Amino acid sequence: MDEREFGRSGQHASVVGLGTWQLGADWGDVDDKEALTVLEAAAESGVTFFDTADVYGDGRSEQTIAAFLSGRPDLHVLVATKMGRRVEQIPENYVLDNFRAWNDRSRRNLGVDRIDLVQLHCPPTPVYSGDEVFDALDTLVEEERIAHYGVSVETSAEALTAIARPGVASVQIILNPFRLKPLYEVLPAAREAGVGIIARVPLASGLLSGKYTKDTVFPENDHRTYNRHGESFDQGETFSGVDYATGVEAAVEFAALAPEGYTPAQLALRWIIQQPGVTTVIPGARSPEQARANAAAARLPELSEETLTAIRDLYDRRIKAQVEDRW
């Protein structure tokens, strides 16, 4: 699989990575053995970038990645984790002592002395403007606890603030055919600054797979049930902030745009891969089959201008009014 460079950092990642939120929690029950088979399928398909976080299953996702990689010393996988969501979400908690404590825990979970990439995990907006925050992250680099750092953001405005920071190697942001706003300013700014872009929630929490109907019922411990209206964290994380009924209807139209040989999910991933400035896209997977199908999107032909135009038209008609002024 093709790899792309994280600009300033010199690190590389496969164009399709693997998001491992599903392997930790918040997507229903996860079997440990099945989680390992997902990682194996992704790696065998050419995936060289795993994204996790210290709160995914309270560290379970990090530990699962460590268990997998310990048995595969032949693999070179860049592992990125996130920190900051283990405490009350106030800027005062984003300080060096906490960073060190969170980093110590993640390094133990991952079984490494130095983490490849650590990202602030959607912190409060004022954090992005705090010089002390980025001085503390620089200290973690100097102490060789982390190789590089980045941020995961909720909004395009937060992304632009972070990109202006000289030490930021990457920005992780929601980008998919139901969330186009980052295309206008964020991706061009990142390209100019040499900052990598990690596209998250690429399937709009599964909407773009075309598998759901208005009658689909998700488990109670799945965020697509308990956070549908932003009850537990930012609504934009669930279905990209799109009203579920609207999203299901729009997903039917989206699926109809898939060229021969593409699944709807692969259409969404291929669309993201083609956006100038994207370094890697990180779909999750709950089965080896899903992991392989996601990785296969990197080998599909580029989408035609006609298809790209049709996707933008669908967004403009059905989605834009719900999400563009919020994120």
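General observations
- Across region 1-26, the number of residues qualifying as of a type outside the set (A, V, I, L, M), part of a loop (DSSP other than H, G, I, E, B) and farther than 10 Å from GLY196 by Cβ comes to 6.
- Tally, over region 228-257, of residues that are farther than 29 Å from VAL55 by Cα, of a type in the set (Gly, Ala, Ser) and open to solvent by 30 Å² or more (accessible area, probe 1.4 Å): 3
- Filter result (more than 19 Å from the chain's Cα centre (by Cα) and either open to solvent by less than 20 Å² (accessible area, probe 1.4 Å) or of a type in the set (Ser, Thr, Tyr) (or both)) within region 195-212: TYR212
- The set of residues in region 213-227 that are touching a helix residue (DSSP H, G or I) at 6+ places or on another chain (Cβ under 6 Å) and surrounded by 16 or more Cβ atoms within 10 Å (Cβ to Cβ) contains only PHE218.
- Residues of region 258-278 satisfying the condition of being assigned to a loop (DSSP other than H, G, I, E, B), among the small types (Gly, Ala, Ser) and surrounded by 16 or more Cβ atoms within 10 Å (Cβ to Cβ): ALA258, GLY277
- Considering residues of region 87-113 that are assigned to a helix (DSSP H, G or I) and among the acidic types (Asp, Glu) only, the residue farthest from TYR149 (Cα to Cα): GLU92
- Filter result for VAL153 (within 17 Å of SER9 (Cβ to Cβ), without any contact (Cβ under 8 Å) to a residue 60 or more places away in the chain and crowded, with 22+ Cβ neighbours inside 10 Å): no
- Search result, residues across region 294-327 that are basic (Lys, Arg) and in contact (Cβ under 8 Å) with a residue 24 or more places away in the chain: ARG299, ARG312, ARG318, LYS320, ARG326
The values are calculated or read from the model by the stated rules, or taken from the named source; none is laboratory data. Everything numeric in this text was worked out from a predicted model, so none of it was measured. Note that we place each Cβ from the backbone using ideal geometry, even for glycine, and neighbour counts take in every protein chain shown. To get the accessible areas, we keep the full protein, side chains included, count just its heavy atoms, and leave off ligands, DNA and RNA. Shrake-Rupley method; radii C 1.70, N 1.55, O 1.52, S 1.80 Å.
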